[in-house]
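Okay, so here's the structure we're looking at.
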Amino acid sequence: RRGPQGRVAQFVVECELSHLAFDDPLVLPWQPGKSHLHMFFGNRDVDSDPGYNDQILSAETSCDQRRDTASYWAPALLDAEGKVIEPVSMAAYYRPGQGVDPVDVVAYPEGLMIIGGDASSQESQSTDIVAWSCGTGAARNDRPTQCPDGSTLRMLVVFPDCWDGDRLTTFGASAHVRYSDASIEGGCPESHPVTMPQLTIGIDYPPVDPTDLSLASGDITTAHADFWNVWDQDKLEDEVALCINRDLVCGVTS
């Protein structure tokens with residue numbers, strides 16, 4: 001079968017917008033209201049508190065997979081007048097990274113926090129990490145483009161997938177994770193030897209005029225997203241074992 005990320009092992013979760021908040025439990029933990037505006041998907045209880053506890057693990061989710069209580073968030077997209085453009089939906093694709101054998105992929109550890117993209121970037125980022133497209137089309141652009149009616153404007157963000165095996169977060173940084181590299185044997189460097197799923201999220205918006213779009217974090221070049229593994233851990237491990245490790249495409253209906 002072919003999935004949205006090609007004929008590679010993967011599982012897919014689709015989520016609606018959960019809430020908007022000026023919070024960021026990864027970059028500005030325990031500082032409510034101090035962040036730029038974020039769009040949160042998945043876990044409905046996440047705010048600025050990074051505590052991995054029963055309340056977060058038992059929270060409701062905005063995802064179609066009801067046991068995906070992970071949290072995904074990204075800066076709000078703003079139009080030329082600075083008004084929030086509300087997203088239509090978000091899809092999360094979990095797959096092996098570059099040069100990684102699917103059988104070697106292990107589930108994220110409980111409570112892991114990672115960032116995809118660079119919120120401080122002053123120039124366009126690599127489209128291998130941050131890209132814009134029209135719907136699920138193959139074309140990747142470094143800036144938003146005009147999409148036709150009936151399609152969506154999609155922001156794609158790819159996350160690091162090699163872990164140091166020790167730290168669950170380096171608040172506001174990514175020293176504990178690296179991106180896989182097909183030129184490295186096994187895909188991950190010796191400093192970060194644990195091969196996790198490579199998460200790609202696609203946030204879909206209505207097709208809007210791309211002129212002067214910005215993000216709550218700044219210019220459109222600051223596109224990034226955050227992920228906190230507060231999945232039902234047993235379910236996450238099952239998805240990795242049954243889909244990625246077996247080199248299958250799961251959770252795709254078309």
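Positive contributions from Lys and Arg (+1) and negative ones from Asp and Glu (-1), summed over other residues with Cβ under 12 Å from the Cβ of I114, come out at -1.
Calculated on the alpha-carbon coordinates, the convex hull of the chain measures out at 117 cubic angstrom per residue.
Once the 1.4 Å probe is applied to the protein heavy atoms, the range 67-134 comes out at 39 Å² accessible per residue.
Each peptide in 99-108, 66-75, 44-53, 140-149 receives the mean, over its residues, of other Cβ atoms within 10 Å, and ordering these scores from highest gives 66-75, 99-108, 44-53, 140-149. Rounded to the nearest 0.05, the FRET efficiency derived from the C-beta distance between D238 and D209 at R0 = 51 Å is 0.75. Stretched out straight at 0.36 nm per residue, the stretch from D247 to R7 would grow longer than its current Cα-Cα span by 85.5 nm. Calculated translational diffusion coefficient of the range 123-254 (10 °C, 1.306 mPa s; Stokes-Einstein with Kirkwood radius over alpha-carbon pairs) equals 94 µm²/s. Full extension of the chain between Y52 and A139 gives 27.5 nm of extra length, using 0.36 nm per residue less the Cα-Cα distance. Starting from the Kirkwood radius over alpha-carbon pairs of the range 164-224, derive D by Stokes-Einstein at 4 °C in a medium of 1.567 mPa s and give it in µm² s⁻¹. It diffuses with D of about 88 µm²/s by this estimate. Computed log10 I(q)/I(0) for the range 15-131 at 0.12, 0.18 Å⁻¹: -0.51, -1.14, from the Debye equation with unit scatterers placed on every C-alpha and solvent omitted. Summary: within the chain, the longest segment free of GluC sites (Glu not before Pro) located in DSSP loops with at most 10 other C-beta atoms within 10 Å is 1-80.
The spread of Cα positions in the range 69-203, taken along each principal axis and listed from longest to shortest, comes to 46, 32, 30 Å. In the chain, a dipole from Cβ-located charges (positive for Lys and Arg, negative for Asp and Glu) runs towards its positive end, and of M196, Q146, A107 it is Q146 whose Cα lies farthest in that direction. Full extension of the chain segment joining E110 with Q98 gains 2.0 nm, where the gain is 0.36 nm per residue of separation less the Cα-Cα distance. Each part gets one Cα centre, and for the range 151-228 versus the range 70-87 those centres are 17 Å apart. Volume per residue of the convex hull around the Cα atoms, evaluated for the range 108-166, comes out as 122 Å³. Counting only Cβ charges, +1 for Lys and Arg and -1 for Asp and Glu, the dipole size of the chain around its Cα centre is about 520 debye.
The values are calculated or read from the model by the stated rules, or taken from the named source; none is laboratory data. Note that the coordinates shown come from a computational prediction; the quantities given were computed from them, not determined experimentally. Cβ atoms come from the backbone with ideal geometry, glycine included; neighbour counts cover every protein chain shown. We work out accessible area using only protein heavy atoms, side chains counted, and drop any ligands, DNA or RNA first. Shrake-Rupley method; radii C 1.70, N 1.55, O 1.52, S 1.80 Å.
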